[in-house]
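The values are calculated or read from the model by the stated rules, or taken from the named source; none is laboratory data. Fair warning: this is a prediction, and the values are worked out from it, not measured in the lab. Methodologically, a virtual Cβ is constructed for each residue, glycine included, from the backbone with ideal geometry; neighbour enumeration extends over all protein chains shown.
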Amino acid sequence: MHFLDNPPLFLFFTGKGGVGKTSLACAAAIRLADAGRRVLLVSTDPASNVGQVFGQAIGSHVTAIRSVGGLSALDVDPQAAAAAYRARIVDPVRGVLPEAVVAGIEEQLSGACTTEIAAFDEFTSLLTDTRLQSGYDHIVFDTAPTGHTLRLLQLPGAWSGFLEHNPDGASCLGPLAGLEKQRARYRDAVAALADRQRTRLVLVTRAQAAALKEVARTHDELDALGLSRQFLVINGILDPDEAVADPLAMAIVRREQAALQAMPAALQSLPVDRLALKAFNLVGLDALRQLLAPSLLPAGSEPPALDALRAPPLSSLIDALAGAGHGLIMLMGKGGVGKTTMAAAIAVALARRGRDVHLSTSDPAAHLTDTLAGELAHLTVSRIDPQAETARYRRHVLETRGRLLDDAGRALLEEDLRSPCTEEIAVFQAFSRIIREAGKRFVVMDTAPTGHTLLLLDATGAYHRDMVRQMGDSKLHFTTPMMQLQDPAQTRVIITTLAETTPVLEAASLQADLRRAGIEPWAWIINNSLACASPRSPLLRQRAHNERVCIDAVASRHASRYAVVPLQADEPVGLQRLAALGD
């Protein structure tokens, strides 16, 4: 494996959600530990499932993995880090400042930006703590999905620049004096990331055109940040031998080979490893050790017979949705499970029934126009562009609040608007504008991967609490976005997942988080199911057999209603194929 040749101290595994970053990071850490190295495995992913992979609880403290000598793990919990961060700022002023002032500070510190800053504080300590590093030969990072990772890596420069020009300022984080003290640590963290002798970035992707395009963009953005020591792993490639006498397997092989042949030029110069699709679920120590091995099926194994799977189709959910006439439909789930495709299929089906539909996304990695590849009556498509929304928000603030300020005041306002927190506010306002339309027509939201979505909902909740506090006992009627999300008559949340152990567990965890926020998911979609596609390939039949347990778990334990969408021989791109999914 090229990416494990002479590995440095830091190895970062990054890529779009659902491509196998966690499995690959765990397998690499096990292989290094089995070779006698002292290894620390760290997850900075808000949707981390490292503990599920190893079958033991892993928290915010270094924990020895019982089954692997020399391997320890640490899970950076963004929410716990944010709580600790808030406590460090708020606790010293409790009892000193009036309760109303303390409550205002806590409200300022309840947004998504605080969560990211707090998680980044934890992240940088690992990159700069020489005492901790002396205890390990390698520190392996299972990083967050691509958008989060890039934001995480860009924060040091962004905050350093903000502090440089505004050392006494304040933002939605409250006073920034505490961050000033971290400047040296941020600078050291950036230096460690850019050091080719200490850091190696492993870009993980699948043999799919969209995934390769996405990872090429990640490569360019990381390279522009000075993170140039990159390796590429293309995961889960179906062996061409499996395509004999199986039209579905043949279609998958052709699609993958075409994507590899057309791989973006930026990736072709990187050291590349290609990993074959395995027949088994990548949970447990034995499975992880086999991930980097060449074998596909256990020796002498016979693929099981497959009975026909009787499960509700996607059209059953669309029938129920169409009856409402209008409302907000939110697709949620981990990255890589097909939320964009499912959102597009639902929107197309509703539009074909004559319903007015606005299809939008808050996912930085989504490609709705590519998925639709055409126009349809009754269907409007949009995307929340963070950069465009931030520019719009800055212009609005300067034209309103800034209009009444003198030159010095306007200069201070412009400095404050350069804070990274401005983007959070701008994206939230765009999200709020779109969901207000749901009172008159269908709004289908393809949300970002799980971590992004929860941060977005956290911002929504902060706004809700602030509105309630401001209105007090007023009899004026108002509706906040969170109230709309919590109302089952107005909003239907659909969780999208795959029929695999880890995605189902993560979807169940997302459902629990939503319920704590007072949001009850309306349905689940199990996408790309082999069990519904009747494959003939031995490897695909084994994977289809493995899916049955996961589908049964969704049907019996997790979902009040659900649908299963079979893996398609042809990629579901374009209006005709999307319509076929809904039919």
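Scoring residue 313 on the criteria (1) within 19 Å of residue 530 (Cα to Cα); (2) touching a helix residue (DSSP H, G or I) at 6+ places or on another chain (Cβ under 8 Å) leaves a single failure, condition (2).
Look through the range 86-101, keep the residues that are of a type in the set (Lys, Arg) and under 15 Å from residue 118 (Cβ atoms), and return whichever of them is farthest from the chain's Cα centre (by Cα). Only one residue fits best here, namely 88.
Just checking, which of 391, 351 is buried (at least 18 other Cβ atoms within 10 Å of the Cβ) and free of Cβ contacts under 8 Å to residues at least 40 places away in the same chain?
One residue alone meets the criteria, 351.
Taking the range 231-257 as the range and being under 24 Å from residue 220 (Cβ atoms) and not in a helix (DSSP H, G or I) as the test, the residues that pass are 231, 232, 233, 234, 235, 236, 237. Listed by first and then second residue, the pairs linking a residue in the range 170-199 that is over 25 Å from residue 90 (Cβ atoms) to a residue that is of a type in the set (S, T, N, Q) and modelled with pLDDT under 55, with Cβ atoms under 9 Å apart and 6 or more places separating them unless they lie on different chains, are 187/160; 190/160.
Which of the residues that make up the range 263-283 are over 17 Å from residue 218 (Cα atoms) and either part of a loop (DSSP other than H, G, I, E, B) or charged (D, E, K, R) (or both)? Selection gives 273, 274, 277, 278, 279, 280, 281, 282, 283.
Of the residues 41, 32, the single one that is touching a residue at least 60 places away in the same chain (Cβ under 8 Å), part of a strand (DSSP E or B) and not polar (S, T, N, Q) is 41. Residues that are touching a Pro at 6+ places or on another chain (Cβ under 9 Å), part of a helix (DSSP H, G or I) and either farther than 21 Å from residue 561 by Cβ or touching a residue at least 24 places away in the same chain (Cβ under 8 Å) (or both) within the range 508-549 comprise 510, 511, 514, 538, 539, 540, 541, 542, 543, 544, 545, listed in sequence order. Screening the range 327-375 for residues that are of a type in the set (S, T, N, Q) and in a helix (DSSP H, G or I) and picking the one that is farthest from residue 217 (Cα to Cα) gives 341. For the range 559-578, filtering for residues that are more than 15 Å from residue 317 (Cβ to Cβ), part of a helix (DSSP H, G or I) and in contact (Cβ under 8 Å) with a residue 40 or more places away in the chain leaves 1. Filtering the range 495-521 to residues that are within 14 Å of the chain's Cα centre (by Cα) and not polar (S, T, N, Q) leaves 495, 503, 506, 507, 510.
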